[in-house]
Amino acid sequence: MTPRRSRPPFPPDPEDPYSVTQASRIYFLPNLMTAGNLFCGFMAIVQCIQARLAETATSGDYNGATAPEHYKYAVWFIFGSAAFDTLDGRLARMGGRESLFGAEFDSLADVVSFGLAPALMMIYLIISPTQAPEYEWFRNIGWLIGFVYLLCAAMRLARFNVITNPLLHSAKKDSSKDFVGLPVPAAAATVAATVLFLLKLAENDRSLKAWSLALPFLMLLVAFLMMSTVRYPSGKKVDLQTQTRVRPFVIGLVLCGLVVFYKEIAVLGICVAYIFYGLIRHLRRGRGHPGTP
């Protein structure tokens, strides 16, 4: 008896985003920006480790810089990661070069830059030997708070990938351009801005002492907001052709001036204002429309 021949498989669809060709396609400029994001995140972690080594060194100085200086470098590297993260998405959308590979690569880089680096920074500040001894009990749970933040950041990125999955395009799409939950870069920027502000306060004392105890509570707040349904403006519609009125334009110039001259206070103020803007808008929508998520 002649064996039955199986039907040859259908040829792969070149437009299928899950095909090997499409999924493996790497666009140079967007992914170069993502690589820059990952590099800055890696360097932020390196700076946190060097800050810890500087704190434990006998002379209080390691590799030519003090611990607060290393923490400042880590903060600016996190801000650099946020800048690269903004550029890679804009370049991909402007050139029509969005791909599954780019989306996954971006999320993996974000876990390092906006999840692991801020968590490690907070842990090292809490377990710093320059802290007051009466807070030893608190330092023992610092690793747990850092992990909660890292876990929420990773889950927030995973949820974002699910929401923007191409398979859901046939379903009813949300017309809103807002982010669902606090964006991970905004959460990391808030933590980094707080560290920068605390370092500024501690310059005269040359130690952070009890100031760093504000970080765990802040990280728990932003971790909760990352996994919440509070909507935050994305800013994806803002480009070179965006028009605005005189008042928002003047406010933007004033904010830029404040960042230049009072960067430690202004950056933190902008991050906190963004967080509470989303919260207040969410509460106002909930009161006006009880069914609104």
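Points worth noting:
- Close pairs from the stretch 279-293: first at pLDDT below 70, partner charged (D, E, K, R), Cβ under 8 Å, at least 6 apart: 292/285
- Test: residue in the stretch 180-193 that is surrounded by 11 or more Cβ atoms within 10 Å (Cβ to Cβ) and either in contact with an Asp or Glu (Cβ under 7 Å, 6 or more places away or on another chain) or at pLDDT below 65 (or both): yes
- Residue check, residue 257 at negative phi, in contact with a strand residue (DSSP E or B) (Cβ under 8 Å, 6 or more places away or on another chain), at pLDDT 70 or above and not β-branched (Val, Ile, Thr): no
- Taken over the stretch 71-92, the residue count meeting the criterion of being modelled with pLDDT of 90 or more and more than 19 Å from residue 184 (Cα to Cα) is 3.
- Yes/no for residue 116 being surrounded by fewer than 20 Cβ atoms within 10 Å (Cβ to Cβ) and either modelled with pLDDT of 80 or more or of a type in the set (Lys, Arg) (or both): no
- So residue 209, is it surrounded by 11 or more Cβ atoms within 10 Å (Cβ to Cβ), closer than 19 Å to residue 44 by Cβ and modelled with pLDDT under 85: no
- Test: residue in the stretch 225-246 that is under 22 Å from residue 279 (Cβ atoms), surrounded by 15 or more Cβ atoms within 10 Å (Cβ to Cβ), among the polar types (S, T, N, Q) and at pLDDT 85 or above: yes
The values are calculated or read from the model by the stated rules, or taken from the named source; none is laboratory data. Predicted model, so just to flag it, every value in this text is computed and none were measured. Because the Cβ atoms are built from the backbone with ideal geometry, glycine has one as well, and the counts that use them run over all protein chains shown.
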